[in-house]
Amino acid sequence: EGVFRTTDQGKTWQSVNAGLKRKEVKTLLAVGDQMYAGTADGAYRLNRADGRWNVVTSGLDEILVHALAQSADGTLYAGTSGKGVLRFKANSSGWVRLPHGLKDHEGMIENFIRVLTIDPEGGIYAGTFDGGVFRSNDGGTTLRAISRALPPKISSPPSPASSSALPSCRARRAQ
């Protein structure tokens, strides 16, 4: 359980779990020389110098993080189980829940986020456990449902390299 790394192309592996409160890791995000982990206990950043994980900042304690994404300006987004999408801007005091939530076409609020990705133009996409897909063009201030035309079952993973790729989910509610 937890995170493992190799320095010899996979011949041997070492655990890298120091600092993680729980070893239930749901997602990893590598951006430049930074490594982040979304866990059953929030979001962590790896200190490569000592191989120890540190909590990114306050506000996600005891919250399951399924997805992480980072925008070009360094803002970190976390897709959670039950709290929707939160963001952390460098030099801010902590994680902030996006203000308007994710309201689907039926008016239901979606708080269980499965996938996050950011396209090259800065559009933020969030895929939910219920199959909804949401997009923000304004840094997460507003997230609008864009999944009305999706087929009932989607299973292909998102491709962050393509600006036309959307996050996908296991199942879609009938509309």
Is it true that residue 78 is within 23 Å of residue 138 (Cβ to Cβ) and either touching a residue at least 24 places away in the same chain (Cβ under 8 Å) or touching a Cys at 6+ places or on another chain (Cβ under 9 Å) (or both)?
yes
Of the residues in segment 122-145 that are of a type in the set (Gly, Ala, Ser) and not in a strand (DSSP E or B), the one that is modelled with the lowest pLDDT is 131
Total residues in segment 88-113, condition part of a strand (DSSP E or B), in contact with a Lys or Arg (Cβ under 9 Å, 6 or more places away or on another chain) and buried (at least 20 other Cβ atoms within 10 Å of the Cβ):
1
If a residue has to be closer than 18 Å to residue 30 by Cα and assigned to a loop (DSSP other than H, G, I, E, B) to count, how many in segment 61-87 make the cut?
5
Output the residues belonging to segment 1-60 that are open to solvent by 70 Å² or more (accessible area, probe 1.4 Å), of a type in the set (Ser, Thr, Tyr) and either under 25 Å from residue 118 (Cα atoms) or in a loop (DSSP other than H, G, I, E, B) (or both).
7
Taking the criterion of being out of contact with any Cys (no Cβ under 6 Å at 6 or more places or on another chain), surrounded by 12 or more Cβ atoms within 10 Å (Cβ to Cβ), at pLDDT 85 or above and closer than 18 Å to residue 66 by Cβ, would at least one residue in segment 156-174 satisfy it?
no
Checking the condition in contact (Cβ under 8 Å) with a residue 12 or more places away in the chain and under 24 Å from residue 122 (Cα atoms), which residue from 39, 27 passes?
27
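The values are calculated or read from the model by the stated rules, or taken from the named source; none is laboratory data. Only a predicted model underlies this, so the values are computations on that prediction, with no experimental measurement involved. Don't worry about glycine lacking a Cβ; one is built from the backbone with ideal geometry, like all the others, and counts go over all protein chains shown. Just so you know, the surface numbers come from the protein's heavy atoms only, side chains and all, with ligands and any DNA or RNA stripped out. Shrake-Rupley method; radii C 1.70, N 1.55, O 1.52, S 1.80 Å.
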